[in-house]
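Worksheet: the structure to be examined is printed underneath.
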Amino acid sequence: MNKKMIIDTHAHISDSRFDDDREIVIQKAFDCGIEKIFEIACEMRYWDRALELSKRDNIFLSFGVHPIETLKATREDYCKLQVLIQDKKCIAVGEIGLDYHYDSSPQNINIQKKSFFKQIDIAVKHSKAVIVHCRDAYDEMIDFFKKYKNIPKGVIHCFSGTPKQAKIFIEMGFLLGIDGPVTYKKSDNLKQVVFETDLNKLLVETDCPYLAPQKYRGQRNEPSYIVETLKEIAAIKNILINEMVQITTQNALKLFGI
């Protein structure tokens, strides 16, 4: 496998779970031949740390307010966000979106939707891609975008919806982010999505420190573990892993304009 082409398009290395060995984890990823890491800073407390991380040549950035963070976000935070996304290493706004898993109260849903709409407008204004988080809200997300006139380019991060929903998002112009869960034994639905989706519409992600692939399940995830996800997707698509790496890497470079 030509690992030198691999991009982890979704990592959270700024997370406190990497405080004890962050440098080791980053070096391990690059030693494995991973070419680039996209650091997703979607919690306000990690924005400055992520900015510092991006001083490395191979680390790029996305800034946003995660839907679960929207209750904490202030007007000043959204003003700061508009400044941060103009940094030369920032490739996207995100992850942003809807998450009804923990709180589906009307008040929370309303706040999340307002934040999501506001950040999409920011992305469109600054010609940035969006990294979309969606949990327990796929139908609502689809309805949301059907009503939105200027849909930006972007990726549905860690996709876990149905094949039908996958097709709708792709028709809207989005790519699908595929993470460690595709390696799980009971992930038949996600495997079917990968099987039915053109490889040109897929990105590979870790979402570390979350969602470690089957081989490391229960452990803290990290960028170097993305190889397990790549192997699984290649097996599902019945293609050589080098071919798959090349195509998904080009997908990422094209989407984020690198």
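The values are calculated or read from the model by the stated rules, or taken from the named source; none is laboratory data. Computed from a predicted model, the values in this text were never measured in an experiment. Here Cβ is always computed from backbone atoms with ideal geometry, including for glycine, and neighbour counts include all displayed protein chains. Only protein heavy atoms, including side chains, enter the accessible area calculation; ligands, DNA and RNA are left aside. Shrake-Rupley method; radii C 1.70, N 1.55, O 1.52, S 1.80 Å.
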Over the stretch 166-231, with neighbouring protein chains present, the accessible area per residue in Å² at probe 1.4 Å is 42
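For the stretch 128-258, what is the Kirkwood hydrodynamic radius in Å, using each pair of distinct C-alpha atoms?
Working: mean 1/r = 0.0669 Å⁻¹.
Answer for the stretch 128-258: a Kirkwood hydrodynamic radius of 15.0 Å.
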Given a 1.4 Å probe, the accessible area of the stretch 1-92 per residue, as a whole number of Å², is 47
Positive-pole candidate from 33, 134, 218, dipole of the stretch 6-256, charges at beta carbon: 134
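Between residue 82 and residue 100, 0.36 nm times their residue separation minus their Cα-Cα distance comes to what?
3.9 nm
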Taking only Cα atoms of the stretch 6-256, the Rg to Rh ratio with Kirkwood Rh works out at 0.94
Non-local amide H neighbours of residue 92 (under 5 Å, H modeled in plane, Pro and chain starts lacking H): which ones? 63
Alpha carbon centroid spacing (whole Å) that separates the stretch 46-64 from the stretch 81-104: 13
Residue-ordered couplings for the stretch 82-91, obtained by feeding phi - 60° into the Karplus form 6.51 cos²θ - 1.76 cosθ + 1.60 and rounding to whole Hz (Gly and Pro as x), are 5, 6, 4, 6, 8, 4, 5, 9, 7, 10
With only helices counted (DSSP H, runs n ≥ 4, each -39500 (n - 2.57)), the per-residue ellipticity at 222 nm for the chain, to the nearest 500, works out to -12000 deg cm²/dmol
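Quick one: with all protein chains in place, what share of the accessible area of the stretch 129-249 is carbon or sulfur, to the nearest percent (1.4 Å probe)? Each step should come with its number before you reach the end.
Values: 2560 of 5370 Å².
C and S atoms contribute 48 percent here.
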Can you check what the net charge comes to around residue 181, using other residues whose Cβ is under 12 Å from the Cβ of residue 181 (Lys, Arg +1; Asp, Glu -1)? -2
Give me the aspartates and glutamates in straight-line cross-link reach of residue 125: C-alpha distance below 15 Å, same-chain residues under 8 apart excluded. 87
